[in-house]
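The structure appears below as structure tokens.
The values are calculated or read from the model by the stated rules, or taken from the named source; none is laboratory data. Quick caveat, the model's predicted, so the values are computed rather than measured. Don't worry about glycine lacking a Cβ; one is built from the backbone with ideal geometry, like all the others, and counts go over all protein chains shown. For accessibility, only protein heavy atoms count, side chains too; no ligands or nucleic acids. Shrake-Rupley method; radii C 1.70, N 1.55, O 1.52, S 1.80 Å.
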Amino acid sequence: MTVVLCLSVFWIIYGMLGVLGIQNIPEKYKDSDFEKEYKQYKGIGWLLLGIPMFVFWLVVHNMDISNKVPFVIVMIVIALPAVIYDFVGDRKYQKLLKK
């Protein structure tokens, strides 16, 4: 469970940096008209992943885990909103990049 804690804290910090506009993005998005907006979008995506994982860790870090399958399924379900957000947003920015 320490891995979940470390990753979620990293994702939260990286997401906050993205919202502030300090984030590493692919070269194709740099120097575009929407670079700042893209960084904020990616930051929100990392926060959508990190915050629920951190809350999940808070809930289960003291539990005795004998069967890990339910916990993995819950983690996948928790990550789905971030994956969907990223998929939808990337399509939007790909279209903007082509213009």
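Which of the following residues is out of contact with any Ser or Thr (no Cβ under 8 Å at 6 or more places or on another chain), in a helix (DSSP H, G or I), modelled with pLDDT under 95 and over 20 Å from MET1 (Cβ atoms): LYS36, LYS42? It would help to see each step written out before you state the result.
Numbers: LYS42 fails: modelled with pLDDT under 95.
Result of the check over LYS36, LYS42: LYS36.
When you scan the stretch 66-82, how many residues do you find that are more than 17 Å from the chain's Cα centre (by Cα) and open to solvent by less than 60 Å² (accessible area, probe 1.4 Å)?
1
Go over the candidates GLY15, GLY45, GLY50, GLY21 one by one and state the one that is touching a helix residue (DSSP H, G or I) at 6+ places or on another chain (Cβ under 9 Å) and at positive phi. Walk me through it before giving the result.
On the way: GLY15 fails: at positive phi; GLY45 fails: at positive phi; GLY50 fails: at positive phi.
So the residue among GLY15, GLY45, GLY50, GLY21 that is touching a helix residue (DSSP H, G or I) at 6+ places or on another chain (Cβ under 9 Å) and at positive phi is GLY21.
Give me the pairs: first residue in the stretch 8-20 and farther than 19 Å from TRP57 by Cα, second residue among the hydroxyl-bearing types (Ser, Thr, Tyr), beta-carbon distance under 9 Å, and six or more apart or on different chains, which are they?
Every condition considered, the pairs that remain are GLY18/TYR41.
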